[in-house]
1. Give the range 460-493 a look and list any residue that's crowded, with 17+ Cβ neighbours inside 10 Å, among the polar types (S, T, N, Q) and out of contact with any Asp or Glu (no Cβ under 6 Å at 6 or more places or on another chain), or say none.
2. Only one of K377, K386 is free of Cβ contacts under 8 Å to residues at least 60 places away in the same chain, over 20 Å from the mean Cα position of the chain (by Cα) and in the same structural domain as R444 (by TED's automatic domain parsing). Can you tell me which?
3. Taking the options L359, L323, name whichever one is modelled with pLDDT of 85 or more, within 27 Å of the chain's Cα centre (by Cα) and within 21 Å of K239 (Cα to Cα).
4. Restricted to the range 263-273, and to residues that are touching a strand residue (DSSP E or B) at 6+ places or on another chain (Cβ under 8 Å) and farther than 16 Å from T302 by Cα, which residue is surrounded by the fewest Cβ atoms within 10 Å (Cβ to Cβ)?
5. Filter the range 115-131 for residues that are within 17 Å of G169 (Cα to Cα) and either out of contact with any strand residue (DSSP E or B) (no Cβ under 8 Å at 6 or more places or on another chain) or hydroxyl-bearing (S, T, Y) (or both) and give the result.
6. Sort out which residues of the range 466-477 are among the hydroxyl-bearing types (S, T, Y) and part of a strand (DSSP E or B), and write them in order of number.
7. How about the range 569-584: which of its residues are part of a loop (DSSP other than H, G, I, E, B) and either surrounded by 11 or more Cβ atoms within 10 Å (Cβ to Cβ) or of a type outside the set (A, V, I, L, M) (or both)?
8. Restricting to the range 478-501, name every residue that is polar (S, T, N, Q), outside any loop (DSSP other than H, G, I, E, B) and more than 53 Å from the chain's Cα centre (by Cα).
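The values are calculated or read from the model by the stated rules, or taken from the named source; none is laboratory data. For clarity, every value in this text was computed on a predicted model and none was experimentally measured. Using ideal geometry, Cβ is built from the backbone for each residue, glycine included, and neighbour counts are taken over all protein chains shown.
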Amino acid sequence: MPLRSPICTVVGHVDHGKSSVLDKIRGSAIVKAEAGAITQAIGASVIPLDTIKKICGDLLEQTKLDLTVPGLLFIDTPGHAAFTNLRKRGGNLADIAILVINIKEGIMPQTIESIEILKQYKTPFIVVANKLDLIGGWKQNQESLLANINNQNPQATQEFETKLYEIVGKLAEYGLNADRFDRVSDYTQQIAIVPASAHTGEGIPELLMVLIGLAQKYLEKCLSCDVEGDAKGIILEVKEEKGIGKTMDTILHDGTLNVNDTIVIGGLHEPIVTKVKALLEPAPLSEIRDKKSNFTSVKRVTAAIGVKISAPNIDEVVAGMPLIQTENVEEAKEEVQSQVEEVIIETDKLGIIIKADSLGSLEALIKLLREEDIPIKKASIGDISKKDIADAGANFETDPFHCAILGFNVKDTSAIDDKKVKIITSEVIYEIIDLYKKWAEEERKKKEAEHIDDLTSPCKIEILKGYIFRQSNPAVVGVEVLNGTLKANSPMMNKKGQQVSSVKNIQENKESVDKAEKGKQVAISLPNITVGRQINESDTLYSDIPEEEFKKFKELKEHLKEEQKMVLKEVAEIKRQENPVWGI
C-alpha cells in the first residue's frame with residue numbers, strides 16, 4: 001500500500017512566528033523547485049520529496065534513510081485554533097506538528113496550550129526555537145546551522161545556550177524530555193529542538209530534515225492509505241465564494257474524491273448528504289490565503305491534500321466535521337454521526353455550558369475541563385444563544401457555581417444581560433479555564449461570607465464605668481466594642497462562660513443601629529438582668545457562640561478578620577474550662 005504525505009501543522013504562541021516559519025518553508029520550496037513542483041491546494045501546501053531533498057542538500061544523506069514518503073503536506077492555517085479544528089477519530093488529523101517558540105521570549109500561555117493539546121492527541125512534534133537572528137551579536141554565514149552555531153562570538157553563544165536551555169527546562173516541567181536536535185539520541189523518547197530563523201532561513205533545511213526523518217521512521221504505519229478507496233476528510237472552513245456560493249475547505253486524509261461523488265458530512269443534529277458539484281484548487285504557486293487567487297477546477301483529488309469542495313445543501317456544515325465519500329450512505333451516516341456524538345455532550349446532570357467554533361475545538365476544551373474535574377451539562381458548536389443563557393440560568397438555584405457559559409472562539413449573540421449567568425469567552429482555552437476557576441472561587445467565597453453573616457457575630461465588649469442608664473427591665477448600659485462586631489440579638493456571656501442576656505437594642509448617638517464595629521461606644525439594652533447582680537461596671541462580656549457555629553467558623557476561617565479570630569480563640573478558652581473538648 002503506498003504511503004501518503006504526512007500531514008503537518010504549525011502551532012505556538014501568537015507572534016512567535018508560526019506563519020513566518022510556514023511561509024519560509026513554502027518560499028524555500030518555490031525557490032528550489034522547478035515551476036509547478038510545489039502543489040498549492042486549499043488550506044494546505046504539498047511539498048514533494050524531490051523539493052525537500054534539494055532544500056536539505058547533503059543533510060538528508062546523514063539520516064541514511066530510504067525515503068519513501070511522497071513529501072509533506074503543511075496545513076496552511078497555522079495557529080492552535082486551526083489545529084484543534086482538525087480532529088478525527090482516535091486523535092488529531094495532523095500526523096506531526098511543529099511547535100514554534102520565540103527563543104528570546106520562551107514558553108508563553110498559548111505555547112502551554114499547544115503542548116497540552118499535542119499531548120492529549122498523542123501527536124509527535126518538533127520544537128522550532130525561532131528568531132535566532134534576534135540573539136545579540138548573532139552572525140549568519142552561508143554554512144550549515146551547526147557550523148554557524150559553533151562560529152558565534154562568546155557573548156552570542158552564551159545567550160543562545162542560556163535561552164535554549166531555559167526552553168529545555170520549561171518543557172521538562174510539562175513532562176517533556178527535549179534537547180537540541182543534534183544531541184537527541186532517541187527521537188521516540190526525546191523532543192528535538194531545531195534553532196532557526198524564519199527571517200533569514202537559517203535552520204529551515206535542518207527542520208525539514210528532522211521532520212521528514214521522523215515521519216519516515218516512526219509514522220510509516222499511520223501513513224499507509226488506500227488512495228483508490230473511499231475519501232475521508234475533515235472540514236477546515238466553510239465560506240462563501242463569489243460566484244460559487246458556499247464552499248468547504250477540506251483536508252482529505254484518505255482515498256480519492258471525484259466530481260459527482262456522494263459525500264456524507266457530520267451535522268450538529270443529523271448527517272448531511274450531498275454530491276460534489278466541483279473540486280477547486282488555486283492557481284499553481286499562488287498564496288492560499290490571498291482572496292484574489294484564481295481557482296482551477298479539477299475532476300479528481302487524492303489524499304493527502306487540501307481541496308475546496310462546492311456542493312449543494314451545505315448551509316448547516318460547521319468547521320471540524322468529518323466527511324466520507326461513499327455509495328453506502330446509511331453506513332456512512334452512522335460512522336460520521338458517531339464521531340460527532342463522541343464529542344457533543346448533553347445531559348441532565350449539573351455542570352457548565354460550553355460552546356466552541358468547531359468539533360475539534362470543542363473536544364479540546366472538553367478534555368481540558370475534564371482534567372480539571374469541571375462538570376459539563378451541555379457542549380455544542382456555535383455562538384452563545386438565548387437558549388444557552390436559559391440552560392445556564394436554570395442552574396442558579398441548585399448549582400450557582402456552575403451557572404456559567406464558557407465560549408472558545410465564539411461570540412455572545414444572545415443580547416441578554418442575565419446577572420446570574422457568567423459568560424467567559426476567549427481564543428485561549430487555558431485563559432477560559434483560569435477565568436472560570438477564578439470566578440467560581442470568588443463566588444464560593446461570597447457564598448461562604450453570606451454563611452458567616454448568618455452565624456452569631458464574634459465580639460468582645462466592656463461595660464463602661466459611669467454609664468449605667470437603667471439597672472433593669474431592661475438594663476441599659478454604655479459599652480465599648482473591644483474586638484469583633486456587636487450585633488443586635490447576639491446572646492452574651494461572662495468570663496465564666498455563663499450566658500447573661502441577649503442584646504435587644506443598640507443605640508449610637510441616640511439612634512438605633514443594627515451593629516457596632518470595633519472601637520465604637522454605644523448604649524445597649526439587656527433584658528432579664530439587673531446591673532449589680534448578673535453584670536457590673538467594667539465587666540467584659542463575649543458573644544455566646546454555640547458549639548456548632550464555632551465549628552462552622554473554623555471551616556470558614558479564611559474569611560474571618562484577625563480580630564474575629566482573636567475573639568473566637570478567647571471564647572473557646574472560656575468554654576473549655578468546663579468542657580476540654582468544646583468546639584474540637
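1. Answer for the range 460-493, where residues must be crowded, with 17+ Cβ neighbours inside 10 Å, among the polar types (S, T, N, Q) and out of contact with any Asp or Glu (no Cβ under 6 Å at 6 or more places or on another chain): just S490.
2. Answer to the check: K386.
3. L323
4. If we take residues in the range 263-273 being touching a strand residue (DSSP E or B) at 6+ places or on another chain (Cβ under 8 Å) and farther than 16 Å from T302 by Cα, then L268 is surrounded by the fewest Cβ atoms within 10 Å (Cβ to Cβ).
5. E116
6. If the condition is that a residue be among the hydroxyl-bearing types (S, T, Y) and part of a strand (DSSP E or B), then Y467 is the only one that fits.
7. Matches in the range 569-584: R576, Q577, E578, N579, P580, W582, G583, I584.
8. Q499, S501
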